[in-house]
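Working notes, beginning with the structure itself.
Derivation of every value follows stated rules applied to the coordinates shown; laboratory data play no part. This one's a predicted model, so the numbers in the text were calculated from it and none came from an experiment. Heads up, the Cβs are rebuilt from the backbone with ideal geometry, glycines too, and the neighbour counts pull from every protein chain shown.
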Amino acid sequence: MFQLTLPATTGSLDKIVTFVADLARAGGLSAVRAGRLRLAVEELVTNSIMHGYGNSRGPWNEIMLEGCIEPSEIWLRVSEDSPPFDPTRHHTPQDLDKPLGERTPGGLGLFLAHQAVDRMTYTYSQGRNHVTVYIRRESLPAADPDNGAVPGERHWQ
Amino acid sequence: MSFTTSLTRNGNTVVIALDGELDASTAGDFRKQVDIAADAGVERLILHMAKLTYLSSAGLRGLVFARQKMDDGVTIVLVQASDEVERTIRMVGFHHSVVFADQVPE
C-alpha cells in the first residue's frame, strides 16, 4: 500500500505527481497509462483544492492519497473532507461540440479524469469524500515460475 | 515540473515551441507568450508540440485562451503533437478549431 497525506494546496501537486509516478512505475504501467493515471489524479486533486475547499482552503485541510497494485490493475484513492461532491456524476461538459471561440473556460478537468482511467468510483463516509480511480496493468510481465508473483509487485512488498 | 517556451516570428507567422509539461503551474507562462503573439498581428500561430510531454485541463484552457485571444482569421496550427496530447485535444472537441500538422507549414 502506498500512502501520502499532504496539505490541500496547489503547492502539494509536485509531490502528488511524484507519488503517482512512483506507484505507476512500481506497477509496471506504460508511459502512456502512467500519464493517464497522473492526469486523473492531478485533475481530481486540483478540483478538490480549487472548488471543494474553495476560498476556505489552506494548509489545515489535508488530502490523503492511497494506492495499491493489484494483480490486474492499480487503484488510487483520493480522500478529503471538503463538502460532499461526487465527480462521477459531474464530468461531461455540455459544450464539447462548440468551437473554441464560444467555449466557457473550465469544466474539462473532471471529464479528462474520467476519460483517462478505466473506472472511477465515489463514496462519502465519515465526513470525507473518497474518489477511487482504477487503471489496468497492460502488458504484464510473465509470472515468475519460482514464486508465481508478478515481478512488478516486488517493489511494494 | 519543468516547462519552457520560445517564441519566434517569421513574416506572418509566430511559432511558439512548447517544451515540457503544460499544466496548472505552467499555463500562465504559455498565456504570456500567446499575448505576445496576439499583439504581433500575424496570420498564423504555430504551436510546436514535439517536446510537449503532458497536457492537463489547465493547458487546454490555455488553448481556449489562444483561440479567443487571436483574431478570428488567424489559423492555429499544432505541429508534431504526441499521440496522447492529440488524443486529449480531440477528446474535448478542440480539433474543430485548430489544425494538426506533421511539419511547420511553408
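So what is the relative contact order for chain A, in percent, with contacts set as C-alpha pairs under 8 Å and at least six apart? Walk me through the numbers before you get to the answer.
Working: 256 pairs, mean separation 43.4, N = 157.
The normalised contact order for chain A reaches 28 percent.
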Residue A:62 long-range amide H proximity, modeled H, under 5 Å: A:8, A:81
Max mean-square fluctuation residue, GNM over chain A, Cα-Cα springs under 10 Å, options A:96, A:39, A:23: A:96
Note, ³J(HN,Hα) from phi for region A:52-68, Karplus 6.51, -1.76, 1.60, rounded to Hz, x at Gly and Pro: x, 7, x, 6, 8, 6, x, x, 6, 8, 10, 10, 10, 10, 10, x, 8
Debye equation applied to the C-alpha atoms of chain A, log10 I(q)/I(0) at 0.15, 0.18, 0.21 Å⁻¹: -0.80, -1.07, -1.33
Shape category assigned to chain B from the gyration tensor of Cα positions, a/c cut at 1.5: rounded
Under-5 Å amide H pairs with residue A:28, H placed in peptide plane, nonlocal only: none
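In what sequence, highest mean first, do B:52-58, A:7-13 appear when ranked by Cβ atoms within 10 angstrom?
Working: B:52-58: 22.9, A:7-13: 17.0.
Sorting B:52-58, A:7-13 by mean packing, highest first, produces B:52-58, A:7-13.
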Placed amide H near residue B:78: partners under 5 Å, 5+ positions off or other chain: B:47, B:99, B:100, B:101
Tilt relative to chain A, helix A:31-47 - C-alpha long axis, 0 to 90 degrees, to 10: 40 degrees
Within a Gaussian network of chain A (alpha carbon springs, distance under 10 Å), most fluctuating of A:99, A:87, A:71: A:99
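Please give the contour-minus-distance gain from residue A:94 to residue A:22: 0.36 nm per residue of separation, less the Cα-Cα distance, rounded to one decimal in nm.
Working: separation 72, 0.36 × 72 = 25.92 nm, distance 3.49 nm.
Once the chain is fully extended between residue A:94 and residue A:22, it gains 22.4 nm.
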For the protein assembly as shown, alpha-carbon Rg relative to the globular expectation (2.2 N^0.38 Å, N residues): 1.08
Dipole moment magnitude, nearest 20 debye, the protein assembly as shown about Cα centre, only Lys, Arg, Asp, Glu C-beta charged: 260 debye
Cβ-based exposure ranking for A:70, A:80, B:86, in which fewest neighbours within 10 Å come first: A:70, B:86, A:80
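Which order do the peptides B:6-18, B:23-35 come out in when sorted by mean C-beta neighbours inside 10 angstrom, highest first?
B:23-35, B:6-18
Take every DSSP beta bridge whose two residues both sit in region B:3-101, then give the antiparallel share in percent to the nearest 5. Write out the running numbers ahead of the final one.
Values: 8 of 25 bridges.
Of the beta bridges lying entirely in region B:3-101, close to 30 percent run antiparallel.
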Among A:86, A:118, A:14, residue whose mean-square fluctuation peaks in a GNM of chain A (springs only between Cα atoms under 10 Å): A:14
Vicinal HN-Hα couplings computed from phi for region B:58-69 (Karplus, 6.51 cos²θ - 1.76 cosθ + 1.60; Hz; Gly/Pro x): 5, x, 5, 4, x, 5, 4, 4, 4, 4, 7, 7
Backbone HN-Hα couplings from phi across region A:6-18 [Karplus 6.51/-1.76/1.60, Hz, Gly and Pro as x]: 9, x, 7, 9, 5, x, 8, 4, 4, 5, 5, 4, 5
